[in-house]
Amino acid sequence: VVAVEADSGVVREGRPVTVITVVNDNMPFLFDSILGEVTETSGGPTLVTHPVITVRHGKTGVDEILGDGNFAKDDGSHDRLSVIHVHIPRLTSAQANGLTERLRKMLGQVHAAVNDWRPMLARLDQAISEFRYSAVPLDKKSVAEAIAFLEWLR
């Protein structure tokens, strides 16, 4: 869910506020990426909340809210959702639509980065191992530099 409400009806210190709500699977990089995009658009939020809740999904969506993100039962029957809520100075409808599209695109990029992260690490490990244990047509210093660089990337 990505919602950017330019005409939210919320007022802060006599000024209208645009309300942004993003509900997404909880994952690394999500909060910072959203806040970065919002800040670039608006110059800074006036309110930010980010609870993580544990839910059980059914065929039509969320069937049950089980608790906060620290819900201890780890049996695979539930999911953790980030609920990110941000208030910013009022945007025009066009600005809100643009922000909505940028947030959706950015969420796709975060998903791609998170889903590709582990395979990328595995590939780095494989490359490091090949440099260490296979015959490489490079001098020892170059091989050591390559290994050091790959380990740094990791």
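The values are calculated or read from the model by the stated rules, or taken from the named source; none is laboratory data. Computed from a predicted model, the values in this text were never measured in an experiment. When we count neighbours, we look across all protein chains shown, and the Cβ atoms used for this are built from the backbone with ideal geometry, even at glycine.
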What about ARG90, is it within 25 Å of the chain's Cα centre (by Cα) and at pLDDT below 90?
no
Select from segment 24-47 the residues that are surrounded by 16 or more Cβ atoms within 10 Å (Cβ to Cβ), of a type outside the set (Gly, Ala, Ser) and out of contact with any Ser or Thr (no Cβ under 6 Å at 6 or more places or on another chain) and list them in ascending order.
MET27, PHE31, ILE34, LEU35, GLU37, VAL38, THR41, PRO45
How many residues of segment 106-124 are closer than 23 Å to THR41 by Cβ and loosely packed, with under 14 Cβ neighbours inside 10 Å? The answer is 3
Is there a residue in segment 66-74 that is surrounded by 12 or more Cβ atoms within 10 Å (Cβ to Cβ), more than 19 Å from the chain's Cα centre (by Cα) and at positive phi?
yes
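Each row is one residue, and each column tells you yes or no for (1) touching a helix residue (DSSP H, G or I) at 6+ places or on another chain (Cβ under 7 Å); (2) of a type in the set (Gly, Ala, Ser); (3) modelled with pLDDT of 95 or more.
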site: ASN26; (1), (2), (3): no, no, no
site: LEU35; (1), (2), (3): no, no, yes
site: GLY58; (1), (2), (3): no, yes, no
site: THR100; (1), (2), (3): no, no, yes
site: ARG104; (1), (2), (3): no, no, yes
site: PRO119; (1), (2), (3): no, no, no
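For (1) of a type in the set (A, V, I, L, M, F, W, C); (2) out of contact with any strand residue (DSSP E or B) (no Cβ under 8 Å at 6 or more places or on another chain), each residue gets a yes or a no:
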| residue | (1), (2) |
| --- | --- |
| ASN24 | no, no |
| GLY36 | no, yes |
| GLU40 | no, yes |
| GLY44 | no, no |
| VAL48 | yes, no |
| ARG80 | no, no |
| ARG90 | no, no |
| ALA94 | yes, yes |
Restricting attention to segment 27-59, which residues are touching a residue at least 24 places away in the same chain (Cβ under 8 Å), outside any strand (DSSP E or B), more than 12 Å from LEU103 (Cα to Cα) and out of contact with any Lys or Arg (no Cβ under 6 Å at 6 or more places or on another chain)?
MET27, PRO28, PHE29, SER42, GLY43, GLY44, PRO45, HIS50, PRO51
Considering only residues that are in a loop (DSSP other than H, G, I, E, B) and under 27 Å from ILE53 (Cα atoms), look in segment 8-26 and name the one that is farthest from the chain's Cα centre (by Cα).
GLY9
